[in-house]
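Read through the structure below, which is laid out as structure tokens, and then see the notes.
The values are calculated or read from the model by the stated rules, or taken from the named source; none is laboratory data. None of the values given here were measured: they were computed from a predicted structure. Quick reminder, even Gly has a Cβ in these numbers, built from the backbone with ideal geometry, and neighbours come from all protein chains shown.
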Amino acid sequence: IVSRDSHPQGSVIKVRGIPIGGEQIQVISGPCSIETQDQMNVAADAVAAAGCRMMRGGAFKPRTSPYAFQGLGVEGLEYFQRAAERHKLPIVTELMDVRMLDTFMEYDVDVIQIGARNMQNFDLLKEVGRVNKPIILKRGLSATVNEWLMAAEYIAAGGNHNIIFCERGIRTFETAYRNVLDVTAIPVLKRETHLPVIVDPSHAGGKAWMVPALAQAAVAAGADGLLVEMHPNPCDAWCDADQALTPDELKSLMVTLGAIAKAV
Ligand code: PEP
Ligand code: MN
């Protein structure tokens with residue numbers, strides 16, 4: 001179903017009328033984690049002011065340590081909804097557990113993110129395949145392109161064809177940065193599948209200063225959009241502080257991207 005052969009012209013996925021996979025690139029931005037109502041309000045203002053049309057934020061966080069902040073859960077979804085609605089920004093948030101799917105539907109999450117660590121959680125993939133919501137499917141930490149395509153096929157097989165691939169860097173021998181952004185995967189996926197491909201330069205590099213270079217490389221290579229972490233005050237972020245852009249840095253990035261693609 002996800003193969004390019006079935007739709008040679010490529011698919012555009014609409015999120016509350018906003019196209020992903022068309023002429024224009026879409027930049028989804030927001031904090032790694034939802035922290036407080038105030039933090040989300042300021043973040044939503046910054047996302048809208050930069051010209052981004054969708055917002056991200058995690059309420060359920062897949063953390064390496066069980067003692068690290070795990071996300072606010074349902075309370076976080078409430079903050080997120082309230083903040084994003086002020087600017088009519090569709091919301092993107094990660095689903096880790098099938099038992100929360102009904103709650104995500106109740107809160108009218110616009111795009112469900114399947115995180116890198118769950119790319120091959122086949123039961124989760126089957127469940128989101130049964131709903132009628134766009135899914136961002138992040139690439140697994142060490143997943144091959146073929147494994148990633150087959151993970152998407154699990155979702156599509158259930159009837160949900162609204163799938164957006166997200167390259168977020170892969171594990172290699174390199175330790176100088178968080179992950180290696182696999183730019184090569186972008187044209188390969190665009191050739192293999194009709195579905196949109198976006199890139200997360202934040203989790204790829206792991207440092208805010210790397211984000212503009214990686215974002216530009218991704219767009220130049222044909223990415224349909226970006227998922228970028230931004231925090232009103234990165235130093236105080238509860239999660240992924242090093243890689244969060246400031247609101248001003250997000251604004252500058254949007255200007256830079258505007259020179260190589262239709263970004264706003
Ligand atoms: C995230 O986007 O917040 C996240 C946890 O990303 P990944 O699953 O790519 O590590
Ligand atoms: Mn993060």
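May I ask you to list pairs of residues, at least six apart or on different chains, whose Cβ atoms are under 7 Å apart, with the first in the range 228-254 being at positive phi and modelled with pLDDT under 95 and the second being assigned to a helix (DSSP H, G or I) and within 15 Å of ligand 2 (Cβ to nearest atom)?
Partner pairs satisfying both residue conditions: none exist.
Looking at the range 58-105, which of its residues are within 14 Å of CYS32 (Cα to Cα) and charged (D, E, K, R)?
The answer is LYS61, ARG63, GLU94.
Being within 16 Å of ligand 2 (Cβ to nearest atom) and closer than 28 Å to ASN132 by Cβ: is that true of HIS231 here?
Values: within 16 Å of ligand 2 (Cβ to nearest atom): yes; closer than 28 Å to ASN132 by Cβ: no.
Taking the combined requirement at face value, the residue does not satisfy it.
What number of residues within the range 54-76 are touching a residue at least 24 places away in the same chain (Cβ under 8 Å) and either more than 16 Å from ligand 2 (Cβ to nearest atom) or not aromatic (Phe, Trp, Tyr) (or both)?
Qualifying residue count, the range 54-76: 14.
Please specify each residue of the range 16-65 satisfying the condition of being crowded, with 21+ Cβ neighbours inside 10 Å, among the aliphatic types (A, V, I, L, M) and more than 16 Å from ligand 1 (Cβ to nearest atom).
Passing the criteria: ILE20, ILE25, ALA44, ALA46, ALA50.
What is the one condition in (1) farther than 26 Å from VAL27 by Cβ; (2) in a loop (DSSP other than H, G, I, E, B) that ASN146 does not satisfy?
Condition (2) is where ASN146 drops out.
Being touching a residue at least 40 places away in the same chain (Cβ under 8 Å), farther than 11 Å from VAL92 by Cβ, over 14 Å from the mean Cα position of the chain (by Cα) and away from ligand 2 (no atom under 16 Å from the Cβ) is the requirement here; does GLY51 meet it? Explain how you work it out, then say what you get.
Values: touching a residue at least 40 places away in the same chain (Cβ under 8 Å): yes; farther than 11 Å from VAL92 by Cβ: yes; over 14 Å from the mean Cα position of the chain (by Cα): yes; away from ligand 2 (no atom under 16 Å from the Cβ): yes.
In short, yes.
Mind checking which pairs have a first residue in the range 77-96 that is within 10 Å of ALA59 (Cα to Cα) and a second that is polar (S, T, N, Q) and within 15 Å of ligand 1 (Cβ to nearest atom), Cβ under 6 Å, 6 or more apart or different chains?
What qualifies is GLU94/GLN113.
With respect to LEU124, determine if the residue is of a type in the set (A, V, I, L, M) and either in contact with a Lys or Arg (Cβ under 9 Å, 6 or more places away or on another chain) or part of a loop (DSSP other than H, G, I, E, B) (or both). I'd like the intermediate steps shown before the answer.
Values: of a type in the set (A, V, I, L, M): yes; either in contact with a Lys or Arg (Cβ under 9 Å, 6 or more places away or on another chain) or part of a loop (DSSP other than H, G, I, E, B) (or both): no.
Spelling it out, it is not the case that LEU124 is of a type in the set (A, V, I, L, M) and either in contact with a Lys or Arg (Cβ under 9 Å, 6 or more places away or on another chain) or part of a loop (DSSP other than H, G, I, E, B) (or both).
Out of ALA152, ALA213, I need the residue that is away from ligand 2 (no atom under 16 Å from the Cβ) and surrounded by fewer than 20 Cβ atoms within 10 Å (Cβ to Cβ). Which one?
Working: ALA152 fails: surrounded by fewer than 20 Cβ atoms within 10 Å (Cβ to Cβ).
Only one candidate qualifies: ALA213.
(1) within 16 Å of ligand 1 (Cβ to nearest atom); (2) assigned to a loop (DSSP other than H, G, I, E, B): which one isn't true of ARG117, the others all being true?
With (1) within 16 Å of ligand 1 (Cβ to nearest atom); (2) assigned to a loop (DSSP other than H, G, I, E, B) applied to ARG117, the lone miss is (2).
Does GLY10 satisfy the condition of being small (Gly, Ala, Ser) and within 16 Å of ligand 2 (Cβ to nearest atom)?
On the way: small (Gly, Ala, Ser): yes; within 16 Å of ligand 2 (Cβ to nearest atom): no.
Spelling it out, it is not the case that GLY10 is small (Gly, Ala, Ser) and within 16 Å of ligand 2 (Cβ to nearest atom).
Would you tally the residues in the range 104-124 being within 14 Å of GLY73 (Cβ to Cβ) and either within 16 Å of ligand 2 (Cβ to nearest atom) or surrounded by 16 or more Cβ atoms within 10 Å (Cβ to Cβ) (or both)?
Step one: list which residues in the range 104-124 are within 14 Å of GLY73 (Cβ to Cβ), which gives 104, 106-107, 109.
Those still in the list that are either within 16 Å of ligand 2 (Cβ to nearest atom) or surrounded by 16 or more Cβ atoms within 10 Å (Cβ to Cβ) (or both) too: 104, 107, 109.
Summing the residues that are within 14 Å of GLY73 (Cβ to Cβ) and either within 16 Å of ligand 2 (Cβ to nearest atom) or surrounded by 16 or more Cβ atoms within 10 Å (Cβ to Cβ) (or both) in the range 104-124 gives 3.
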